[in-house]
Amino acid sequence: MKAALERWLLRRWYGDVAPGPVLDVLSRIYGALVRRRQAAYARGARPVERLPVPVLVIGNLVAGGAGKTPLAIGLARALARRGWKPGIASRGHGRRGTGPTWAQPDSDPADCGDEPLLIARQTGLPVAVDRDRVAAARRLVEEAGCNLVIADDGLQHLRLGRDVEIEVRDGERRLGNGRLLPAGPLREPAGRAVDFRVINGGEAADGEWRMDLRLGDARPLGPGEPRPLGLFASGPVHAIAGIGNPARFFQALRGAGLDVLEHAFPDHHAYRAGDLEFSPPAPRLMTEKDAVKCSGFGLRDTWAVPAVAELPEDFVDAINLRLAGVRQAPCPEASP
């Protein structure tokens, strides 16, 4: 049911189907609520809570995925190499728990969420998970000793004060029909200003930074050694993706010369072993985000395919310079 609704909406957001009058009315109501909320924070009616360290927020204007998590991983690694001690704050979408927790490399994804677990495994950095992102950010500073907080998917969480905002935009889908939810994919108006805009694939316009996702060697979910993707080109493969834009993963595999049988699932899908039983028998290749939830199924010939963000060095330098300026400025008092 969820997958059918998602397909129905995507045809209206990114296809050639008009949203219709009901979605138009709901979109206007949603837009009024968004503008009221933004105005309340702008005039101080709702407090913005500041931390004594720089806060970098990564997010997007559209509902669904655009490449935020690979960017967060790549940027956290790059800034750590430049001397920062970053920590990542995440809400932990799709997890069964609601209380605060730390995502550790050996955590259960059902407890902390698939994306926080992937970030923890890929970076080795502190990852705090909490529905209250301000509380998660405070824990990173006070308990983990971080001097930089990176908020994954926090662009609309205005209560958390931020020093740098990065919007990630799918280079192919862009903003779809440009309408607000639910008539279109936009969480807030398209004119929303940010400090940096990163384009995931496609062509970057003036003032935008391009990010490319490079697929690495496939890694078995069980025992075994990594395998170059080219070794899967001798026959069809079952490609599995429960991410914001599964088609991007399928296209990337085809770009590596593979014969792909597509299996798209909703974002943050809670897999069962039976979900991955396909015919004809063939290797199963899935995103790393999906693989962290399937490693305990004991599946044979099942592989995780990493997607590594390739970022321009001058982009990382510009972020680093901006953050260094924040650190040298007087630290704001943290809200009680």
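The values are calculated or read from the model by the stated rules, or taken from the named source; none is laboratory data. Since the structure is predicted, the reported quantities are computational estimates derived from the model, not experimental observations. Glycine also receives a Cβ, built like all others from the backbone with ideal geometry; neighbour counts cover every protein chain displayed.
Please specify each residue of the stretch 248-300 satisfying the condition of being of a type in the set (D, E) and either touching a residue at least 12 places away in the same chain (Cβ under 8 Å) or farther than 21 Å from L5 by Cβ (or both).
D259, E262, D267, E277, E288, D290
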Determine which single condition I119 fails, assuming it passes every other condition in (1) assigned to a helix (DSSP H, G or I); (2) among the β-branched types (V, I, T); (3) surrounded by fewer than 20 Cβ atoms within 10 Å (Cβ to Cβ). (3)
Can we say A32 is out of contact with any His (no Cβ under 6 Å at 6 or more places or on another chain), assigned by TED's automatic domain parsing to the domain that holds L181, among the aliphatic types (A, V, I, L, M) and loosely packed, with under 13 Cβ neighbours inside 10 Å? no
Residue list for the stretch 322-336, filter: under 18 Å from L71 (Cβ atoms) and either at pLDDT 95 or above or of a type in the set (A, V, I, L, M) (or both): L323
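Which residue out of L75, L26 is surrounded by fewer than 20 Cβ atoms within 10 Å (Cβ to Cβ) and not in a loop (DSSP other than H, G, I, E, B)?
The conditions single out L26.
Of the residues that make up the stretch 94-101, is at least one in a strand (DSSP E or B), surrounded by fewer than 24 Cβ atoms within 10 Å (Cβ to Cβ) and in contact with a strand residue (DSSP E or B) (Cβ under 6 Å, 6 or more places away or on another chain)? Even if it seems obvious, please write down each step before you answer.
So in the stretch 94-101, the residues in a strand (DSSP E or B) come out as 101.
Those left that are additionally surrounded by fewer than 24 Cβ atoms within 10 Å (Cβ to Cβ): 101.
Next, only the ones that are in contact with a strand residue (DSSP E or B) (Cβ under 6 Å, 6 or more places away or on another chain) stay: 101.
The answer is yes; a qualifying residue exists.
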All positions within the stretch 127-148 that are over 23 Å from D108 (Cα atoms) and touching a Phe, Trp or Tyr at 6+ places or on another chain (Cβ under 7 Å): N147, L148
